Each structure stands twice: as C-alpha cells, then as structure tokens.
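Undergrad: I have a structure I would like to understand better, so I am pasting it below and will then ask my questions one at a time.
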Amino acid sequence: MQNPFPVSDSELIKLINSFLLWQNSTPKEQEWINKNQKRNARYKKTLLNKKFIEDSSEHKLHKEIFDYSRTLDGPAIIRLGIPRLKGEQSRIKSNLLYIIDSTDDLFLKIHNVIEGKYNIPLYKRAFWTPLLNIAYPNNAPNWNNKTQNFFSLFGIDLETKKKTVSEKYRIISEAFKYLQSLNSKLDFLLIDHLMHYATTVPRGENQIFDIIPDKEFQESIQDVRQYTKEIKGLSKGPIKRGKPVENISSISFPRKPARSAKALKNANYTCEENVKHKTFIQEKNSKHFFEAHHLIPMKAQGDIENDIDRPENIVSLCPNCHRAIEKLKLKQRKEMVEKFYEIRKNKLEKIGVIMSIDKLLSYYNI
Ligand SMILES: [Zn+2]
C-alpha cells in the first residue's frame, strides 16, 4: 500500500498516537464513539436490513429514516425536514434496498446513489455515506465536511469537479485503509473522529500544522540572493500556469521559491498583517524570519488558467499570523482574508487572475 499523504509514516503515526491519547483520556469523546457504535448497530438492524424495510409500514419506515437523519452532522439535518422526507420516501426505500441487495460494487453504488441514476436531490454524501459505512464497515468511510477539510490540509482536493464522486470516494477509502495499516486499533469510525480531531480540536490542529509539508519550503525562501537571476526575469503581466505534478491521490502545482522570496523582499521582511510584529533574526542573512502565504491558495491553481504562484499573490507574514490565517476561528480568519483581498485585488488583475471574494473565501472553507 502506498502512502497517499505527502508526509512520512512516522509523522502520521505521531498524529494517530496523539489522537488516540486524546480520545482515550476524554470521557466526552469516548461517549461520542459509544453513541455512534450504538447508532450503527441500530440501523444495521433496520435501514440496512431487507426484512425490516419490506415488512415495515410506511409510517414506521418514515420514523426510522427521520430519526436517522437527525443523527447526521451539519446542514443535512436542517434540510431533510419531514415534508421533504415524505415526498422522497419511496425513492429512499428503493435506494436502501439497492445498497443491501445489489451485487454492484461499493464504488458503483455510491456513484449511482449520489450522482448517477438513483440520485435524489438534497440526499447527498452526508446522508448516504454513514449508511454505506454501516453496510461496508471496512471499506466505506463516512464522508462529510471534516473529511474534505482534513484531506485539503494535505493538498488533496475532494471538491474538484475533475474527479467523479466514486473516484473521490475510492481515494478516501484507500487513505482510511492506509491509516489503519499504521495502527490496527483504528477502525473507520475512529478515523472519522481523527478527522474531527485534526480539523477542529486545537491540539489536533496544532499537530497537523507541524506536519504539513510547508516548513522546508518556508526555510528555503529566506535568502533572496540565491534567486536574483530568476527574480530579475520575472514578468509583470499574466503567465500561463505551469505543469502540475500528479501523485496517486491528487495533482499539485509546485511552488517556485524565487517567487516567494521576492514577495518577502517586496514586503521588506515585515509582517503585512502588522509591521510591528517582530520575529527572530536569522543567522544566514541577518534578516527577520517571515513566511510566504499564497493569498489564493495553490490548491486553487487547477481552477485558474494563469499562474498564481506570483509575488502579487504572495503575502509576507510572521509565523504567528501565518498560522492564524490558516487556523484561526472563522470570523478572524475571514477578516484577514478580506483585508488582504482588498489590498491585492488590483495587483492580481494585472497578472490576469480575477477572483471574487466569495470564491476566495470558499478556498479557506469560509
Ligand atoms: Zn504578523
């Protein structure tokens, strides 16, 4: 099995161990697991049980689906009110029977119920994947917003329209199995909770921040002198984006250190959030240490024809602010992104990159 994440096994193991420690030492988290195990056991006997579905009255089935939908994360619960459920009940019923009964493989099933011939508008992955997980506990992961956010931290884009739902689901499933291969205590339910830990619990977020593959890059851009030639040759107008690098689970566009080095120089080695922010002085060039942050993140490059790895799109930040713009609570993060957007908007237009603030915020999961 190949590691689908761009970090080493030992770093993943560290993350898993710290998650398990947190999980085992926090009663509330153990409760979460118990509650979900119970939930899964209940629906295995009902919604994933052919006899129950065929023998139950419409009313009884309705109640069971409704109760199930109340256990789902996020906006799915709000949208799936009673009237809507009544209108779709016969289609939901036939999809459940399809999941239970058909010999189609898992990935064809998820294709059919989410984007293929059996799709029901509004009943998307948040509704179906927990059920698939009950039907296929060792192959079918839960797929919700936490999953998207977790993968996006590692540069794996699950929102892209360039992959089908079943291709993305296969990526998630393989990645879950890989994590499981690193620690046999993990099952898919725990891994789902690991996503929660890594994307919403401060302790987990910090740990993720330490392992995401950015540190080396930030180190490498500190000395602008080594890039003088490349910087001199930089165009002022739009440049077509470069060639992506493909690995098994994602494509990415490599960042050129010279572009970021130039951005730090343009900012005169200060923090663009607040020039008063001070950092340590580096030995190699006697300059304060600042980091490069791509305002429009490089994961958006696939959606944009012109290169966004340009000083015009790169903000110089102190490590504290860099962490904040990626990790801070929603409101503050939004304010930071909006502020830099106002400052950089015109410069971005000059290099042929036009993006609305709403679109930009969506790349920050805002
Ligand atoms: Zn700062």
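The values are calculated or read from the model by the stated rules, or taken from the named source; none is laboratory data. All values derive from a computational prediction rather than experimental measurement. Positions of Cβ are generated from backbone atoms using ideal geometry, with glycine treated the same way; all protein chains shown enter the neighbour counts.
Undergrad: From Val353, Val315, which residue is among the β-branched types (Val, Ile, Thr) and more than 23 Å from the chain's Cα centre (by Cα)?
TA: Numbers: Val315 fails: more than 23 Å from the chain's Cα centre (by Cα).
When all the criteria are applied, what remains is Val353.
Undergrad: List the residue pairs whose Cβ atoms are under 6 Å apart, where the first residue sits in region 252-278 and is closer than 28 Å to Phe5 by Cβ and modelled with pLDDT under 95, the second is away from the ligand (no atom under 12 Å from the Cβ) and of a type in the set (Ser, Thr, Tyr), and the two are 6 or more positions apart or on different chains.
TA: Listed by first residue and then by second, the contacts come to Pro257/Ser220; Ala258/Tyr227; Ala261/Tyr227.
Undergrad: Same structure, new question: Can you name the number of the only condition in (1) in the same structural domain as Met298 (by TED's automatic domain parsing); (2) in a helix (DSSP H, G or I); (3) not acidic (Asp, Glu) that Thr270 fails?
TA: (2)
Undergrad: Another question, then. Restricting attention to region 297-314, report how many residues are of a type in the set (A, V, I, L, M, F, W, C) and modelled with pLDDT under 95. Give the derivation first.
TA: Filtering region 297-314 down to residues of a type in the set (A, V, I, L, M, F, W, C) leaves 298, 300, 304, 308, 314.
Within this subset, residues satisfying the condition of being modelled with pLDDT under 95 are 298, 300, 304.
Number of matching residues: 3.
Undergrad: Quick one: Asn320 ticks every box in (1) more than 12 Å from the ligand (Cβ to nearest atom); (2) surrounded by fewer than 16 Cβ atoms within 10 Å (Cβ to Cβ); (3) outside any loop (DSSP other than H, G, I, E, B) except a single one, so which number is it?
TA: (1)
Undergrad: Take the residues of region 279-293 that are more than 16 Å from the ligand (Cβ to nearest atom) and in contact (Cβ under 8 Å) with a residue 24 or more places away in the chain: which is nearest to Asn206 (Cα to Cα)?
TA: The selected residue is Gln282.
Undergrad: Tell me yes or no: at least one residue of region 314-328 is out of contact with any His (no Cβ under 9 Å at 6 or more places or on another chain), over 19 Å from Ile212 (Cα atoms) and not hydrophobic (A, V, I, L, M, F, W, C). Let's see the steps before the verdict.
TA: Going through region 314-328, the residues out of contact with any His (no Cβ under 9 Å at 6 or more places or on another chain) turn out to be 319, 323-324, 327-328.
Adding the requirement that they be over 19 Å from Ile212 (Cα atoms) leaves none.
No, the conditions are met nowhere in region 314-328.
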